[in-house]
Amino acid sequence: MGLALLQRWHYLGLFLVLLAEEAGIPLPIPGDVFIAAMGAAGRASHANFIMTTVIVMSATLSGSAILFETSRRLGQPFLLRIGRRFGFDVDRAVRVELWLKRRGALAIVAGRLTPGLRIVVTVAAGALGVGRTQFLCGTAVASVLWSVIYYGLGYAFGAGVETVLRVALGRAFHDTDTAAIAIVAAGLATVAVLATVTLRRRSSRRHASRT
């Protein structure tokens, strides 16, 4: 049952997992493992690389946009609160700000491909005022590379990825079905938040245009 989650929900499951993680919802297993699991499924002809990459990019851009906009509104205090989990402090925040301004989209690509920094880079980019276009372009490139790397690893190592996923899910929930339900629920909650934000923006724009 190591690939039970992806076998049951397939591309939808992958989308919801990555959407939730990119939006800042803590998950017991990093998205890398799920992309690798799709690669393992691809080795058995149960998944397609192009489709997986499209799903990874769509979920990444959608979820990270939520976290980016949240960080943009809450500013540096939010960055420092999230960053403390990764050893982030005020001095490091300043260095990251300079790095992002000097390197632009390239810094976003590099940061999002660095293990442990993907979510922090999103929060930092939003809190430090990085342009939306610059952020989304860098994130799009990084998401494609992310998919290529981990799908390739999953395809190469096959059954080993299934074992890792089975053990990780077992430690987190002791029950794969429970893991599937919890992760899908988190993904649906993220979709609900995204829909709410979109509707509020449209409502605000309509109100502004009337006045």
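In plain terms, the chain from residue 74 to residue 134 could stretch by 19.6 nm, reckoned as 0.36 nm per residue minus the Cα-Cα distance. Using θ = phi - 60° in the Karplus curve 6.51 cos²θ - 1.76 cosθ + 1.60, the 3J(HN,Hα) couplings for segment 20-32 round to 5, 5, 5, 7, x, 7, x, 10, x, 10, x, x, 3 Hz; x is entered for Gly and Pro. Counting neighbouring Cβ atoms within 10 Å and putting the fewest first, the residues 52, 133 line up as 133, 52.
With a cut-off of 13 Å between beta carbons, the residues surrounding residue 68 carry a summed charge of +3, where Lys and Arg count +1 and Asp and Glu -1.
Note on residue 98 and residue 44: their simple-model spin labels are 5.1 nm apart, each label 7 Å out from Cα toward Cβ.
No value in this document is a laboratory result; all are computed from the given coordinates. Keep in mind it's a predicted model, so treat the numbers as computed, not measured. Don't worry about glycine lacking a Cβ; one is built from the backbone with ideal geometry, like all the others, and counts go over all protein chains shown.
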